[in-house]
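Peer 1: Before I ask anything, let me first share the structure, which is written out below as structure tokens.
The values are calculated or read from the model by the stated rules, or taken from the named source; none is laboratory data. These figures come from a predicted structure and were not determined experimentally. Cβ placement follows ideal geometry from the backbone for every residue including glycine, while neighbour counts extend to all protein chains displayed.
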Amino acid sequence: MTNLMWLNYSANAFRRETRQGTYVLHYATSGAEALGQLATEIEPTLIAVLPDINMPGMDGLQLLTEIKQRRPDLPVVMVTAYGDDERRRRADELGASEFITKPVDFDLLKEQLRQLPTAAS
């Protein structure tokens, strides 16, 4: 079972996997809500956070900074409709594991998640 936190994006593409128990998704609608959830014990162990760069309040890059300060080993896969080089460079500097653009290629995303060192085999 793989445990993910998904922010501000539809995860319908994971419907089959959640029914099969492959993925457990935890949703947050803001950076503050995500940080609140990360402060609690999430079981099974959370393997990645997938924030959108544009979110209400705290943006995804600010959230990335906060996550890396609190849980430096937790992979963060940035999701955005804006694939410009500056955002990608900034996300990389802040420690993002991956940077994917919308519309999300869910097959590619699932493959990237399987490559994470903490992903379920």
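Peer 1: Any residue at all in segment 75-87 that's among the aliphatic types (A, V, I, L, M), surrounded by fewer than 19 Cβ atoms within 10 Å (Cβ to Cβ) and part of a helix (DSSP H, G or I)?
Peer 2: Residues of segment 75-87 among the aliphatic types (A, V, I, L, M): 76-79, 81.
Filter once more, keeping what is surrounded by fewer than 19 Cβ atoms within 10 Å (Cβ to Cβ): 81.
After this cut, where a residue has to be part of a helix (DSSP H, G or I) as well, the list is none.
Within segment 75-87 (the criterion being among the aliphatic types (A, V, I, L, M), surrounded by fewer than 19 Cβ atoms within 10 Å (Cβ to Cβ) and part of a helix (DSSP H, G or I)), the answer is no, since none of the residues qualifies.
Peer 1: Now for a separate question. For segment 40-74, which residues satisfy the criterion of being free of Cβ contacts under 8 Å to residues at least 24 places away in the same chain and either farther than 21 Å from residue 109 by Cβ or surrounded by 21 or more Cβ atoms within 10 Å (Cβ to Cβ) (or both)?
Peer 2: Kept after step one, since they are free of Cβ contacts under 8 Å to residues at least 24 places away in the same chain, are these residues of segment 40-74: 40-41, 69, 72-73.
Across segment 40-74, the qualifying residues are 40, 41, 69, 72.
Peer 1: Collect the residues in segment 18-33 that are among the hydrophobic types (A, V, I, L, M, F, W, C) and within 12 Å of residue 56 (Cα to Cα), keeping them in residue-number order. Walk me through it before giving the result.
Peer 2: Here is the first cut: in segment 18-33, the residues among the hydrophobic types (A, V, I, L, M, F, W, C) are 24-25, 28, 32.
Matches in segment 18-33: 28, 32.
Peer 1: Just one of 33, 66 is touching a helix residue (DSSP H, G or I) at 6+ places or on another chain (Cβ under 9 Å), more than 23 Å from residue 115 (Cβ to Cβ), modelled with pLDDT of 85 or more and assigned to a helix (DSSP H, G or I); which is it? Walk me through it before giving the result.
Peer 2: Working: 33 fails: touching a helix residue (DSSP H, G or I) at 6+ places or on another chain (Cβ under 9 Å).
Of 33, 66, the one residue that is touching a helix residue (DSSP H, G or I) at 6+ places or on another chain (Cβ under 9 Å), more than 23 Å from residue 115 (Cβ to Cβ), modelled with pLDDT of 85 or more and assigned to a helix (DSSP H, G or I) is 66.
Peer 1: Moving on to the next point. Please list, ordered by first then second residue, the pairs with beta carbon atoms under 6 Å, 6 or more apart or interchain, first in segment 9-23 and within 18 Å of residue 102 (Cα to Cα) and surrounded by 10 or more Cβ atoms within 10 Å (Cβ to Cβ), second of a type in the set (D, E, K, R) and at pLDDT 75 or above.
Peer 2: Listed by first residue and then by second, the contacts come to 9/52.
Peer 1: Right, something else. In segment 87-105, what residues are over 13 Å from the mean Cα position of the chain (by Cα) and either under 16 Å from residue 23 (Cα atoms) or modelled with pLDDT of 90 or more (or both)?
Peer 2: 89, 90, 92, 93, 94
Peer 1: If you scan segment 88-108, which residues turn out to be touching a residue at least 12 places away in the same chain (Cβ under 8 Å) and not in a helix (DSSP H, G or I)? Explain how you work it out, then say what you get.
Peer 2: Narrowing segment 88-108 to residues touching a residue at least 12 places away in the same chain (Cβ under 8 Å): 90-91, 94-102, 104, 106.
Those that are touching a residue at least 12 places away in the same chain (Cβ under 8 Å) and not in a helix (DSSP H, G or I): 95, 96, 97, 98, 99, 100, 101, 102, 104.
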